[in-house]
Amino acid sequence: MNLEGLVKFHSPRSLHPGTLFTRASPDSLSTADVMAAAGMAQRRASLGYAAFAAKMNLSKRAGAQAVSLLMAAAQKEATRYPVLCKLPARECEAVLKIIVIYAFLDFARSAATEMPCVACKGTGQQKGKLCKKCAGKKVVRAACNDCKGRGVAVNRLKSHLQGVPVYHHCKRCGGRGFERIASTVVYRAIAQVSDAISLDTWNKSLKHLSGYLITFLEKEVSWAEKQLQLITR
């Protein structure tokens, strides 16, 4: 059983929602089996399990738990960044918290993620008219503008030459289907709590900490999945 199986268990489509079948075994896992396995995986890989649960909206408390655990990892990694070590303790913690939160939000993003429209500031209107960017909906999706969240785009030249649609990974989003949070957005948030970090310092140093934390989350989720597979094999 993998982590995706937990999503199916929470949103069952079969006629027997209390039973989950795995590919590794013809035997079925009951509700009690799944809950016990999930609990053990959570204990063995707390951060990875919480991050996955928050991303898939399996738990309301998972997001806060994931951010808290990621903050602990960020504090250890921060000792490698002189610019952070020179900051006062409270200021350093405030900067780290912003980096951690945005790293988690970036990790949890998908093409369906919605956020307030920047053009109309979430009002749905501009100068008394409907906002053109969000069409009055007050929010916009994170889906890539080129592939519309599919992760693939049509190669028009090859499609024309071959007479059939030819697809390739979207160059704009790299095949993810959505755009990452711009690093300048994170920097602007940091600038609200500290004036000791310049844009140049952010680009050359702290920006890499944000990328490290996102990768760290992905590795922790992989570890949680491995643990769940070992428990349910």
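The values are calculated or read from the model by the stated rules, or taken from the named source; none is laboratory data. What you see is a predicted model, and the numbers here were worked out from it, not measured in a lab. When we count neighbours, we look across all protein chains shown, and the Cβ atoms used for this are built from the backbone with ideal geometry, even at glycine. All accessible areas refer to the heavy atoms of the entire protein, side chains included, with ligands and DNA or RNA removed. Shrake-Rupley method; radii C 1.70, N 1.55, O 1.52, S 1.80 Å.
Remarks
- Scan of region 172-193 for residues that are polar (S, T, N, Q) and surrounded by 15 or more Cβ atoms within 10 Å (Cβ to Cβ), ordered by number: S183
- Region 198-215 - residue that is open to solvent by 50 Å² or more (accessible area, probe 1.4 Å) and not charged (D, E, K, R) and, of those, farthest from F107 (Cα to Cα): S198
- Matching residues in region 82-101 - criterion: being part of a helix (DSSP H, G or I), more than 18 Å from G211 (Cα to Cα) and of a type in the set (K, R): R90
- In region 71-90 there is no residue that is under 30 Å from E225 (Cα atoms) and at pLDDT below 85.
- Matching residues in region 54-75 - criterion: being in contact (Cβ under 8 Å) with a residue 24 or more places away in the chain and not in a loop (DSSP other than H, G, I, E, B): A54, K55, G63, A66, V67, L70, M71, A73, A74
- Region 178-206, residues that are among the polar types (S, T, N, Q) and assigned to a loop (DSSP other than H, G, I, E, B): Q192, S194, S198
- Of all residues in region 183-211, those that are under 22 Å from A73 (Cα atoms) have Cβ atoms under 7 Å from Cβ atoms of residues that are of a type in the set (D, E) and outside any loop (DSSP other than H, G, I, E, B), 6 or more apart or on another chain, in V193/E91; S194/E91; L209/E77.
- Tallying residues that are hydrophobic (A, V, I, L, M, F, W, C), at pLDDT 90 or above and open to solvent by 40 Å² or more (accessible area, probe 1.4 Å) within region 20-55 yields 1.
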